[in-house]
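Below is one structure; the comments refer to it alone.
The values are calculated or read from the model by the stated rules, or taken from the named source; none is laboratory data. Given the structure is predicted, the values throughout are model-derived calculations rather than measurements. Cβ atoms come from the backbone with ideal geometry, glycine included; neighbour counts cover every protein chain shown.
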Amino acid sequence: MTQEMIGDLVRQRIRSLRLARGWTLDTLATRCYLSPSTLSRIETGHRRMALDQLVPIAQALGTTLDQLVEPEGDDDVVIRPEPETSIGSTVWLLSRERDRRGVTIAKMRYTSDRAVCEQQVHPGYEWFTVLNGTVKLRLGERTILVHEGEAAEFSTMTPHAVEAYEGAVELLTIFDHDGERAHMPGHRHSGPA
């Protein structure tokens, strides 16, 4: 990304943040101690931006200088999951480390080679949807078959285990922090502190 493109992006962000707050040029100018005409020329590209101007503008807009000047790219959007395989299971992380929502999103593939799971109990809720195959969900004394295209949500305070039923199964799951620790121990994804 060229210097000019970054400048255009910063100008667009300043204007967009100002308008999102419903502020006029005068309002923002007062909050960042610049004249409205200087701020207008910054937004329109008729004036070079200086660091001593960008810092108070960012503060007035409730952001940081780093966020204001951060270049755009695909790396903040596209996640390129690497499969982590163990006997009978493969996991692809689909969320970033320390996800701001406090959840871990993963695609999981289980085969019948996977050892029968011991039922676990931990605080929270778990959710998954079956992409391919059938899941054998053991909830306490119950065994529930969850078929392709179906989803399940349950309290993880009930003893539970998720297994493949009659062949491989792929599912998309969302764990809260407690679920991640219980079902993905030793995983590099550490969740919120």
Exception for Ala20 within (1) surrounded by 13 or more Cβ atoms within 10 Å (Cβ to Cβ); (2) modelled with pLDDT of 90 or more falls at (1)
Whichever residue in segment 127-169 is of a type in the set (S, T, N, Q) and in a strand (DSSP E or B) and, among such residues, is nearest to Arg114 (Cα to Cα) | Thr134
Is it the case that Thr111 is among the polar types (S, T, N, Q) and free of Cβ contacts under 8 Å to residues at least 12 places away in the same chain?
-> no
Quick check: is even one residue across segment 127-142 exposed (fewer than 11 other Cβ atoms within 10 Å of the Cβ), in the same structural domain as Ala164 (by TED's automatic domain parsing) and closer than 30 Å to Gln12 by Cα?
-> no
Do we have any residue at all in segment 67-89 that's touching a Gly at 6+ places or on another chain (Cβ under 7 Å) and in contact (Cβ under 8 Å) with a residue 12 or more places away in the chain?
-> no
Return a yes/no flag: does segment 31-50 have any residue that is under 30 Å from Ala106 (Cα atoms), of a type in the set (Gly, Ala, Ser) and exposed (fewer than 15 other Cβ atoms within 10 Å of the Cβ).
-> no
